[in-house]
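Notes follow the structure.
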Amino acid sequence: MKRAWLTVRSAVLWAVAGIHFFALGLIVFLAGLCVDRRRHDWINRGFFRNILRLAAVKFEVRRSPGFDARRTSIFICNHVNLFDPFVIYSAIPQFVRGFELESHFKVPIYGWIMRWFGNIAVPDAPTRESLEVMTERAKAALDAHISLVAFAEGSRTRTGHVKEFRKGIFNLAQKFEVPIVPMSIVGSYQFFRTGHWMLHPGRITVYLHDTIETSSISRSEVDALRRRVQKIVSDPVEESLKENPPA
């Protein structure tokens, strides 16, 4: 009986959230054509937060005392499922854009919206030239006081555990001396697992950890920084998986 109830509930939630996404998403898109994106960013945040509400997510953000919400930063977090963008934009109290695989921009409608939104394309098959273009675009965004968010794992988890972080984003942060904010998305894997379609009742908690300065970090210390940030991000996730294993 419980399984049948969860199946029906999931189908209804997907339908309601999907209708909301496509209907209001079009309105937000059209509004962005007429109004500066920063001026209607609050509309985007409300839109993203409503997606979570309609999917029956209990949502919470916990900020560490050392998190500086005023600093333009690179937020580095774990990658769980397709709800991550809605979680991220509901949690970060800044004007923020993300890195997106270049192939995603070719997806009809979704890709057009992501390109218009201002996300930065990451080449699927990196070359020296394509990486230089990506770096230049990231630098331009940071210079315009636009914070960036990156999934350092490179792909979504299939186990709930945080995979090893890649080094590229840390090289970029060190090169431009941009502070890093480790960000943990906790409870999202228990709510929805990539490769499945069931939505399970639960809470998603986002931890915005202390801001980490990179201005004094040398090139040789980047790998140590990568390991440090990965541990900060993964600790709350691993603790949650122990206390609340996926159903």
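The values are calculated or read from the model by the stated rules, or taken from the named source; none is laboratory data. Keep in mind that this is a model prediction, so the values were computed, not measured. Neighbour counts run over all protein chains shown; Cβ positions are idealised from the backbone, glycine included. To get the accessible areas, we keep the full protein, side chains included, count just its heavy atoms, and leave off ligands, DNA and RNA. Shrake-Rupley method; radii C 1.70, N 1.55, O 1.52, S 1.80 Å.
Tally up the carbon and sulfur contribution to the accessible surface of the chain as a whole percent, 1.4 Å probe, everything protein left in place. Answer for the chain is 58 percent, counting heavy atoms of protein chains only. Note on the chain: with a GNM built from Cα contacts shorter than 10 Å, the maximum mean-square fluctuation among Ala15, Ala121, Ala173 falls on Ala15.
Taking the DSSP bridge list for the chain and keeping only pairs wholly inside it, about 20 percent are antiparallel. Computed over the chain, relative contact order equals 25 percent, with contacts defined as Cα pairs under 8 Å that lie 6+ residues apart. Here the Kirkwood formula, the inverse mean of 1/r across different C-alpha pairs, assigns the chain a hydrodynamic radius of 18.9 Å. Pick out which of Val186, Val237, Val12 has the largest mean-square fluctuation in a Gaussian network model of the chain, springs linking Cα atoms closer than 10 Å. Result for the chain, Cα springs under 10 Å: Val12 fluctuates most. Using the Karplus relation 6.51 cos²θ - 1.76 cosθ + 1.60 with θ = phi - 60°, the per-residue 3J(HN,Hα) values for region 113-124 come to 5, 5, 5, 4, 4, x, 5, 9, 6, 9, x, 5 Hz, with x marking Gly and Pro.
Of the whole protein surface, Ile113 contributes about 40 Å² of accessible area at a 1.4 Å probe radius.
Using heavy atoms of the protein chains and a probe of 1.4 Å, the accessible area assigned to Ser103 is about 50 Å². Once backbone amide H atoms are built at 1.01 Å from N, Ala121 has Glu100 as its partners under 5 Å, excluding neighbours fewer than 5 places away on the same chain. For the chain, a Gaussian network of Cα nodes joined below 10 Å ranks Ser64, Ser188, Ser73 by mean-square fluctuation, and the top entry is Ser64. The mean accessible area for residues of the chain, using a 1.4 Å probe and ignoring ligands and nucleic acids, is 52 Å² per residue.
Only one residue of Phe22, Val133, Pro182 has its Cα farthest out toward the positive end of the dipole of the chain, where Lys and Arg carry +1 and Asp and Glu -1 on Cβ, and that residue is Phe22. Expressed as a whole number of Å, what is the distance separating the alpha-carbon centroids of region 148-226 and region 37-65? Result: 19 Å between the Cα centres.
Mean separation of Cα pairs under 8 Å and 6+ residues apart, divided by the residue count of region 125-217: what relative contact order is that in percent?
Working: 88 pairs, mean separation 22.5, N = 93.
Relative contact order comes out at 24 percent.
Remark: spin-label model distance Glu213-Trp116 equals 4.2 nm, labels positioned 7 Å along the Cα→Cβ axis.
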